[in-house]
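What follows is calculated from the coordinates using simple rules that are stated; it is not laboratory data. Keep in mind that this is a model prediction, so the values were computed, not measured. Neighbour counts run over all protein chains shown; Cβ positions are idealised from the backbone, glycine included.
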Amino acid sequence: MAKPNKKLPQKSVDIQCSSCKARLFKYKKGGKGALIKCFKERIVKDYTVTPCTCPNCQSVFARETLVRGTPAYKIVGNKVSYK
């Protein structure tokens, strides 16, 4: 399987918790689809204290996994939103 592109996309989005609206990541997102996974190498700024856990409400919003051989966070459905 192909690895994600090394060149980061232009579009930068703020990812926030759906329940408490706390900021989680500043992320370089490619494409215009839904947010399903976040590659760790594309995270510009990480606001979380422990991985995959919201710093404000302590809810688990993702799980760590390998996607195409690259470390990533797999987002749990409707736990995060972005703009």
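So that you can scan it fast, the table gives a plain yes or no per residue for (1) farther than 22 Å from Leu8 by Cα; (2) aliphatic (A, V, I, L, M); (3) touching a residue at least 12 places away in the same chain (Cβ under 8 Å):
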| position | (1), (2), (3) |
| --- | --- |
| Lys37 | no, no, yes |
| Glu41 | no, no, yes |
| Cys54 | yes, no, yes |
| Ala72 | no, yes, yes |
| Gly77 | yes, no, no |
Item to check | Single residue of Cys38, Cys20 found to be crowded, with 17+ Cβ neighbours inside 10 Å and of a type in the set (A, V, I, L, M, F, W, C) | outcome: Cys38
Item to check | Conditions (1) under 15 Å from Tyr27 (Cβ atoms); (2) under 13 Å from the mean Cα position of the chain (by Cα); number of the one not met by Thr65 | outcome: (1)
Checklist entry - On the given criteria, is Arg63 closer than 17 Å to Asp14 by Cβ and surrounded by 11 or more Cβ atoms within 10 Å (Cβ to Cβ)? => result no
Checklist entry - Got at least one residue in segment 40-50 being aliphatic (A, V, I, L, M), over 22 Å from Ala2 (Cα atoms) and touching a Ser or Thr at 6+ places or on another chain (Cβ under 6 Å)? => result no
